[in-house]
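Structure first, then comments.
The values are calculated or read from the model by the stated rules, or taken from the named source; none is laboratory data. Since this is a predicted model, take the numbers as computed values, not measurements. Cβ atoms come from the backbone with ideal geometry, glycine included; neighbour counts cover every protein chain shown. These accessible areas exclude ligands, DNA and RNA; they are computed on the full protein's heavy atoms, side chains included. Shrake-Rupley method; radii C 1.70, N 1.55, O 1.52, S 1.80 Å.
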Amino acid sequence: MSLSFCTQYPTGKYHLLAILTVGVWGTTFISTKVLIENGLSPHEIFFLRFLIAYLGIWSISPHKLLANSWKDELLFLATGLTGGALYFLTENTALSLTQTTNVAFIICMTPLLTTALSLLTDRKEKASKQLMAGSVIALLGVALLIFNGSFVLKLSPLGDFLTLCAGLSWAIYSLIIRKLSGRYPAVFITRKVFFYGILTGLPTFLVHPFQFPLSGFANPVIWANLLFLAVLASLICFVAWNIVLKQLGTIQSSNYLYLNPLFTTIAASLILEEQLTVFAVAGVGLVLGGVYFAARKS
């Protein structure tokens, strides 16, 4: 990125960082799918993903153990619960109770939930008509991408409710991170998220004990996908996203989450050789147009 671009658009690099981060997150389903096919359960994947990321972040994080106050420490506990254990476990459980298309579509309502909560809790946050219009356009594009011309939405109350809880959980996470980002470095915040995510996720093993055999870790496919999820998709991307939230605000940052299914569709087409239909191409166009329209200054 040239110096002139950074001078003319001082927040441009953060918009680019948001796109790259969501791009990585949009491809994580492939690694998760491979790990599940090789015998790991969703909660085992989440635990190992966060554990490796936590161990890795110690090499770049200041050795400050606690927050500046117990109030902030409790907020960090809330980030680990909402952005870690609660988000991933509710979403993964929902996938076993309802259709994948239901989960994919409902979870993409997270930006709208984030916007609503931001406007209710922070008077400094503003949502222009242009941003809202862009959000609706992007959401329509998401619908085309996910349903791919065949609109089949079978209601499953518990599964759909858990998916909505996952989206609400991430929205709350974003608001808390935005609040803490003014007082702590992004790397320190991310390390605390991983720690409390692991801590709040441990009780799931009381119900579903760790069953993956140790011999399974000799498989290089397991390590390759775990390292991708832990180092790139968790450690690096969580730090990057926390920086984006600080610089762009919760509303504008969350709008980039509409790009998630776009990158998922592209990755599925390139890696899994899934067919890219006319509806998917139209969805890509609407998502890109909506996100661009929402991000542009009036």
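Computed quantities for the displayed model
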{"quantity": "Within region 11-92, helices (runs of 4 or more DSSP H) holding 2 or more residues that are among the β-branched types (Val, Ile, Thr) and under 13 Å from the mean Cα position of the chain (by Cα)", "calculated": "12-37"}
{"quantity": "Residue in region 100-110 that is closer than 13 Å to Thr200 by Cα and at pLDDT 80 or above present", "calculated": "no"}
{"quantity": "Residue in region 279-298 that is least open to solvent (accessible area, probe 1.4 Å), counting only those that are modelled with pLDDT under 75 and over 18 Å from Met109 (Cα atoms)", "calculated": "Ala280"}
{"quantity": "Ala240 being surrounded by fewer than 20 Cβ atoms within 10 Å (Cβ to Cβ), closer than 24 Å to Leu113 by Cβ and not polar (S, T, N, Q)", "calculated": "yes"}
{"quantity": "Residues of region 164-202 satisfying the condition of being in contact with a helix residue (DSSP H, G or I) (Cβ under 6 Å, 6 or more places away or on another chain), of a type in the set (D, E, K, R) and open to solvent by 20 Å² or more (accessible area, probe 1.4 Å)", "calculated": "Arg178"}
{"quantity": "Whichever residue in region 64-99 is of a type in the set (Ser, Thr, Tyr) and open to solvent by 60 Å² or more (accessible area, probe 1.4 Å) and, among such residues, is modelled with the highest pLDDT", "calculated": "Thr93"}
{"quantity": "Region 270-297 residues that are of a type in the set (S, T, N, Q), paired with ones that are modelled with pLDDT under 75 and crowded, with 17+ Cβ neighbours inside 10 Å (beta carbon under 7 Å, 6 or more apart)", "calculated": "Thr277/Asn148"}
{"quantity": "Boolean, Phe205 is touching a Phe, Trp or Tyr at 6+ places or on another chain (Cβ under 8 Å), of a type in the set (A, V, I, L, M, F, W, C), open to solvent by less than 60 Å² (accessible area, probe 1.4 Å) and without any contact (Cβ under 8 Å) to a residue 24 or more places away in the chain", "calculated": "no"}
{"quantity": "Residue in region 143-157 that is more than 30 Å from Ile60 (Cα to Cα), among the β-branched types (Val, Ile, Thr), outside any helix (DSSP H, G or I) and modelled with pLDDT under 75 present", "calculated": "yes"}
{"quantity": "Within region 240-273, tally of residues that are more than 13 Å from Leu288 (Cβ to Cβ), at pLDDT 85 or above and touching a helix residue (DSSP H, G or I) at 6+ places or on another chain (Cβ under 6 Å)", "calculated": "12"}
